[in-house]
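A short write-up of the structure that comes next.
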Amino acid sequence: MRKLVLAITGASGIIYGIKLFEELLNNFEVSLILSHSAVHVMKLETEYKSLDEFKKRFTNYSMNIYDETQIDASPASGSYKTAGMFIVPCSMKTLSAIANGYADNLITRVADVTIKENRKLVIAPREMPFSVIHLENMLKLARIGVTIAPPVPAFYHKPERIDDIVNFVAGKLLDSMGIKNNLYRRWNE
């Protein structure tokens, strides 16, 4: 089974990261890294009221869940082979740290390793509007091959529920990593 890393930071829109996690677990061994802020936002924006409750939901899958302080975790090493990394949603703090080589926690360290090992990195920055600083950091990363994929929904598929919008965004993120999916109706299908 191929390995992927998914990091979830404390930006609003954690539902995108959780949906992506659910989809990845079907075909990948997933290393999930949660920032402390992500756990807080999860309690605010989802039905999960504790990290233990969240972990219980996924006990039957091939995965590891790490705290951002576990800097000695396997994904922090370039010798830990993965197909790539997602950061969904990605806070501007995390994006800035990655863009400037400030690998002070497990999320930014694994992103740094992903870049240096020339693996695919997909970042879903969650902020609006973007400041010039945000845009410059995104451009810096895009120039070295990082995919910047803000979770922007489309409406040509005529979503009827929030799940339809979440599925569209998760599907587009999977597309960005080259992972086949049927989460949304594609244009003219």
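Taking the stretch 41-58 as the search range and keeping residues that are surrounded by fewer than 13 Cβ atoms within 10 Å (Cβ to Cβ) and over 19 Å from the mean Cα position of the chain (by Cα), which one is farthest from Leu106 (Cα to Cα)?
Checked the stretch 41-58; the qualifying residue farthest from Leu106 (Cα to Cα) is Glu47.
Being of a type in the set (A, V, I, L, M) and closer than 21 Å to Glu29 by Cα narrows it down to one of Val132, Val113, so name that one.
Unique residue meeting the criteria: Val113.
List pairs: first in the stretch 119-142 and over 11 Å from Thr94 (Cα atoms), second assigned to a helix (DSSP H, G or I) and among the small types (Gly, Ala, Ser), Cβ under 6 Å, 6+ apart or cross-chain?
Val122/Ser176; Lys140/Ala99; Leu141/Ala99
Is it the case that Tyr61 is more than 12 Å from Thr9 (Cβ to Cβ) and crowded, with 17+ Cβ neighbours inside 10 Å?
No; evaluated as a whole, the condition is false for this residue.
Step by step: first the residues of the stretch 150-189, then only those that are part of a helix (DSSP H, G or I) and β-branched (Val, Ile, Thr), then the one that is surrounded by the fewest Cβ atoms within 10 Å (Cβ to Cβ). Which residue is that?
Ile162
Let's see how each residue does on (1) closer than 16 Å to Ser176 by Cα; (2) in contact with a Lys or Arg (Cβ under 9 Å, 6 or more places away or on another chain); (3) surrounded by fewer than 17 Cβ atoms within 10 Å (Cβ to Cβ); (4) free of Cβ contacts under 8 Å to residues at least 12 places away in the same chain:
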| site | (1), (2), (3), (4) |
| --- | --- |
| Leu6 | yes, no, no, no |
| Thr9 | no, yes, no, no |
| Ser12 | no, yes, yes, no |
| Ile18 | no, no, no, no |
| Leu25 | no, no, no, no |
| Ser31 | no, yes, no, no |
| His36 | no, no, yes, no |
| Val39 | no, no, no, no |
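Which of the residues belonging to the stretch 1-12 are in contact with a helix residue (DSSP H, G or I) (Cβ under 8 Å, 6 or more places away or on another chain) and under 16 Å from Val122 (Cα atoms)?
The answer is Leu4, Val5, Leu6, Ala7, Ile8, Thr9, Ala11.
Do the conditions hold for Ala170, that is, is it of a type in the set (Gly, Ala, Ser) and free of Cβ contacts under 8 Å to residues at least 24 places away in the same chain?
When the stated conditions are applied, Ala170 does not pass them.
Restricting attention to the stretch 143-169, report how many residues are among the hydrophobic types (A, V, I, L, M, F, W, C) and more than 16 Å from the chain's Cα centre (by Cα).
Final tally of qualifying residues: 5.
Does Ser74 fit the bill of being touching a strand residue (DSSP E or B) at 6+ places or on another chain (Cβ under 6 Å), among the polar types (S, T, N, Q) and surrounded by fewer than 22 Cβ atoms within 10 Å (Cβ to Cβ)?
No, not satisfied.
Rule-based calculations on the coordinates, nothing more; no lab input. As the structure is a prediction and not an experimental result, all values here were calculated from the model. Positions of Cβ are backbone-derived with ideal geometry, glycine not excepted, and every protein chain shown enters the neighbour counts.
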